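Scroll down for the structure; my scribbles are underneath it.
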Amino acid sequence: MADADEIIHQSTRLRLMSVLNALPEGEALEFKRLKAIARATDGNLGAHLATLEKAGYIAIDKDFVGKRPRTQAHITRVGRRAFAAHLQYLRDIIEGVALDDA
């Protein structure tokens, strides 16, 4: 059985990684959209994104649209692999429980 990824396992980060993983490679989501998905405050979301970025699972891009700052996040290849491994960990638990109940 694979091990849990403690960085991804936290519920808010799992939600963020799930939505970013669902995007086509190279696409990003803006901070405002991620905030709505995560149902988090600016500070809380920023902390979770920083944790994921420090692990190399996401990349943060900051630029300007006109005069307005824009922050976007996208999943990295390392992040996709880590997310896939964590999903396998969860599948192993589910399948193990199902086998134990049979």
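What to note about this one:
- Long-range neighbours under 9 Å by Cβ, at least six apart or interchain, first residue among the hydroxyl-bearing types (Ser, Thr, Tyr) within the stretch 79-92, second crowded, with 19+ Cβ neighbours inside 10 Å and in a helix (DSSP H, G or I): none
- Residues that are surrounded by 14 or more Cβ atoms within 10 Å (Cβ to Cβ) and of a type in the set (Lys, Arg), drawn from the stretch 12-49: Arg13, Arg15, Lys35
- Flag if Gly26 is out of contact with any helix residue (DSSP H, G or I) (no Cβ under 9 Å at 6 or more places or on another chain) and on the phi < 0 side of the Ramachandran plot: no
- Restricting Arg70, Arg15, Arg39 to those that are on the phi > 0 side of the Ramachandran plot and in contact with a Lys or Arg (Cβ under 9 Å, 6 or more places away or on another chain) reduces the list to Arg39.
- Tally, over the stretch 5-44, of residues that are part of a helix (DSSP H, G or I), in contact (Cβ under 8 Å) with a residue 12 or more places away in the chain and of a type outside the set (A, V, I, L, M): 8
- When residues of the stretch 60-102 are limited to those that are among the charged types (D, E, K, R) and under 24 Å from Ala4 (Cβ atoms), the one modelled with the lowest pLDDT: Asp101
- Screening the stretch 50-78 for residues that are within 17 Å of His9 (Cα to Cα) and in contact with a helix residue (DSSP H, G or I) (Cβ under 7 Å, 6 or more places away or on another chain) and picking the one that is surrounded by the fewest Cβ atoms within 10 Å (Cβ to Cβ) gives Gly56.
- Considering Asp3, Asp61, the condition of being out of contact with any His (no Cβ under 6 Å at 6 or more places or on another chain), of a type in the set (Asp, Glu) and closer than 17 Å to Gln88 by Cα is satisfied by Asp3 alone.
- Test result for Ile60, β-branched (Val, Ile, Thr) and within 10 Å of Ile75 (Cα to Cα): yes
The values are calculated or read from the model by the stated rules, or taken from the named source; none is laboratory data. Treat the numbers as computed from the prediction; the structure is a model and nothing was measured. Neighbour counts run over all protein chains shown; Cβ positions are idealised from the backbone, glycine included.
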